[in-house]
Amino acid sequence: MAKKIKTNPNAGEIRDGIHYHQHDVVIVGAGGAGMRAAIESAPQASTAVITKLYPTRSHTGAAQGGMAAALANVEEDNNEWHTYDTVKGGDYLVDQDAAEILTREAIDAVLDLENMGLPFNRTPEGKIDQRRFGGHTRDHGKAPVRRACYAADRTGHMILQTLYQNCVKHGVNFFNEFYALDLVMTEVDGVQRVSGVVAYDLSTGDIHVFQGKSVIFATGGFGKIFKTTSNAHTLTGDGVGIIWRKGLPLEDMEFYQFHPTGLAGLGILLTEGARGEGAILRNASGERFMERYAPTIKDLAPRDIVARSMVQEVLDGRGAGPNKDYVFLDCTHLGEDVLENKLPDITEFARTYLGVDPVTEPVPVYPTAHYAMGGIPTNNDAEVLADNDTVVPGLYAAGECACVSVHGANRLGTNSLLDINVFGKRAGNNAVTYAKTAEFIDLPANPAQGVIGMLDELRASDGTENVAAIRKDLQDTMDMNAQVFRTEETLTKATEVIAGLRERYKNVAVHDRGKRFNTDLLEAVELGFLLDLAEVLVACALNRKESRGGHMRDDYPDRDDATYLKHTMAYLAGDPHSSVATDHIRLDWKPVRLGTYEPKARKY
Ligand SMILES: Cc1cc2nc3c(=O)[nH]c(=O)nc-3n(C[C@H](O)[C@H](O)[C@H](O)COP(=O)(O)OP(=O)(O)OC[C@H]3O[C@@H](n4cnc5c(N)ncnc54)[C@H](O)[C@@H]3O)c2cc1C
């Protein structure tokens, strides 16, 4: 009998050395948002998921504390209270109709996961258990409420594994360790339409072009523009960067969240679930300082407020440690049982990375760069916008890379795992519905030309600059100048430093010139995205002369609704090769969609 020759299902059709694939729906990213979308589309149409990481290594798997939904399993709750908290937590920059969708569809999002097999923690009666989290309250701010569904402090891990298993069940075509590097657009009747994605196969160095009727970006965040961050090494904002380079806008980039409890000096996250279970922040003298900043809900105030209060304690000389540069998270009164069973991972992190045992000692903590509220603007159907209201036909975005905007100026804890499930599902549904009626659009003549040119240039460069050195200088300046507190002076400094780094980047060299597993080359590409996004963030932050949510301008300490109750929209315009931000960044505004909740001063 003739021997069966195994063909590589991921090879596609090769023409002129380039691999071509055709799928109805092409999804970039296999985190929670990408895989939740794939579960909707794969049963109905051919679906490809391109992911630079093996799916279960996506950052969603690092999420710890929980996913919000007003199930009211353990105490009275409802989604109107959840909407109110989300809008107020976001310092009124939230689009209120989007927040209503988020909180209303939250219930089904949790039940979907339960039906897919996710092992949530349970109450003694067998219901999904719920815990407290920052900013989530009963009856419009009266007291903290138990709203976060969780699986110990491994909620994201459980979500990611559950979604992956279901993607396998539905026959999703995964392209693992494929880096998307460009979005392909074709002009049809004067309108730019999506026709595909160009990707680089890490294992071979080959270029693949994926033709798709609809494309979903679900590429996650970009915390690696900062040095002290909870984010994984791979969170370099590639998807957001690709969209930016296409000339499509980015929304609210100045709003970056700093999570209060990173391990001091390291940034590794200790979930807010610890405070949800009763842990307390204390300064050097042991004072529970949040009582002064948020008298009603204290340690469970939203993250922007807690992070600022911590930094203020340190600036006022009440920090702990030899350099008085951190505060303590005190879990000692929770007892070993709660720590080992409900917070096992973070208990272990403190022991492993700081040599501190939370059972008996308070843990040194300090704010860490955590979450991008801004990103690729979409409407409530996850369709990407080319300006304030024009949809790019066939293009969708969901998850941390997108800005719907449900988080406004500050996201509440547990609302992101919710966001990726609700808007991931919406993106998948809408993309597959679109694909079922649309035709494939012809690819332009050489769709991969731009990517090949960029990679060849990097490979051939005999420049003297080094990727790691530029990245370090970028992260240092962002930590120093664009972190929890910002001023005209610090942001101007950051602008100048980034301009210099962009000049140096033109002269960057990669040492590995090979084709297989050339991570050296990809890190150079990723650094390019980081530089672009840091530059946009700082330009937007300079332009917003007020303080709101995660954006705190020390020189403009008040919120200014009369002038700034609006979203920032940033566009790449002018000379993209110039290192000077003002030569190529154009800033505009977009109205906030208000609703039931009139903007008020935030008191907690
Ligand atoms: C330590 C930590 C703890 C957290 N805890 C919580 C929590 O308890 N509750 C909560 O609500 N939120 C939490 N968050 C936030 C939340 O986990 C994330 O915002 C969310 O999981 C992001 O999901 P995503 O699907 O958008 O992106 P990710 O899960 O980051 O996935 C991104 C995907 O995009 C792919 N990708 C990226 N670039 C490319 C490219 N160029 N080509 C191909 N593929 C690409 C990656 O391979 C990956 O599969 C936490 C975050 C961190 C860092």
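Counting residues that are at pLDDT 95 or above and either within 24 Å of L160 (Cα to Cα) or of a type in the set (S, T, Y) (or both), which strands (runs of 3 or more DSSP E) fully inside the range 1-51 reach at least 3? I'd like the intermediate steps shown before the answer.
On the way: elements: 13-15, 18-28, 47-51.
Ranges flagged: 18-28, 47-51.
Just wondering, is there one or more residues in the range 397-404 that are in the same structural domain as D24 (by the TED database), in contact (Cβ under 8 Å) with a residue 12 or more places away in the chain and over 30 Å from R275 (Cβ atoms)?
So the first thing to find is which residues in the range 397-404 are in the same structural domain as D24 (by the TED database), and the list is 397-404.
From the residues that got through so far, the ones that are in contact (Cβ under 8 Å) with a residue 12 or more places away in the chain too are 397-404.
When the remaining residues are screened for being over 30 Å from R275 (Cβ atoms), the result is 397.
So far as the range 397-404 goes, yes, one or more of its residues are in the same structural domain as D24 (by the TED database), in contact (Cβ under 8 Å) with a residue 12 or more places away in the chain and over 30 Å from R275 (Cβ atoms).
Residues in the range 468-496 that are surrounded by fewer than 19 Cβ atoms within 10 Å (Cβ to Cβ), assigned to a helix (DSSP H, G or I) and of a type in the set (V, I, T): T492 only. Put simply, of K88, K52 the only residue that is among the basic types (K, R) and more than 9 Å from the ligand (Cβ to nearest atom) is K88. Considering only residues that are surrounded by fewer than 24 Cβ atoms within 10 Å (Cβ to Cβ) and charged (D, E, K, R), look in the range 60-90 and name the one that is nearest to A33 (Cα to Cα). Of everything passing the filter in the range 60-90, E80 is nearest to A33 (Cα to Cα). Residues that are farther than 17 Å from A218 by Cα, more than 10 Å from the ligand (Cβ to nearest atom) and crowded, with 24+ Cβ neighbours inside 10 Å within the range 363-406 comprise V363, V365, Y366, P367, listed in sequence order.
Regarding the range 205-222, can at least one residue be identified that is among the acidic types (D, E) and assigned to a loop (DSSP other than H, G, I, E, B)? Scanning the range 205-222, I find at least one residue that is among the acidic types (D, E) and assigned to a loop (DSSP other than H, G, I, E, B), so the answer is yes. Restricting attention to the range 577-604, which residues are at pLDDT below 95 and not in a loop (DSSP other than H, G, I, E, B)? Scanning the range 577-604 gives A581, T582, D583, H584. Return yes or no: is A307 over 30 Å from K590 (Cβ atoms) and surrounded by 16 or more Cβ atoms within 10 Å (Cβ to Cβ)? Judged against the criteria, A307 is not a match.
Do any strands (runs of 3 or more DSSP E) lying entirely in the range 133-199 carry at least 3 residues that are touching a residue at least 40 places away in the same chain (Cβ under 8 Å) and more than 10 Å from the ligand (Cβ to nearest atom), and which ones are they? Spell out how you get there, then give the answer.
On the way: elements: 143-149, 173-176, 178-188.
So the answer is 143-149, 178-188.
Among the residues of the range 279-290, the ones that are within 30 Å of the chain's Cα centre (by Cα) and either within 16 Å of the ligand (Cβ to nearest atom) or surrounded by fewer than 16 Cβ atoms within 10 Å (Cβ to Cβ) (or both) come to 1 in all. Quick one: which of T229, T234 is in contact with a helix residue (DSSP H, G or I) (Cβ under 7 Å, 6 or more places away or on another chain), within 11 Å of the ligand (Cβ to nearest atom) and hydroxyl-bearing (S, T, Y)? Just a single option satisfies the conditions, and that option is T229.
The values are calculated or read from the model by the stated rules, or taken from the named source; none is laboratory data. Everything numeric in this text was worked out from a predicted model, so none of it was measured. Note: ideal-geometry Cβ built from the backbone for every residue, glycine included; neighbour counts use all protein chains shown.
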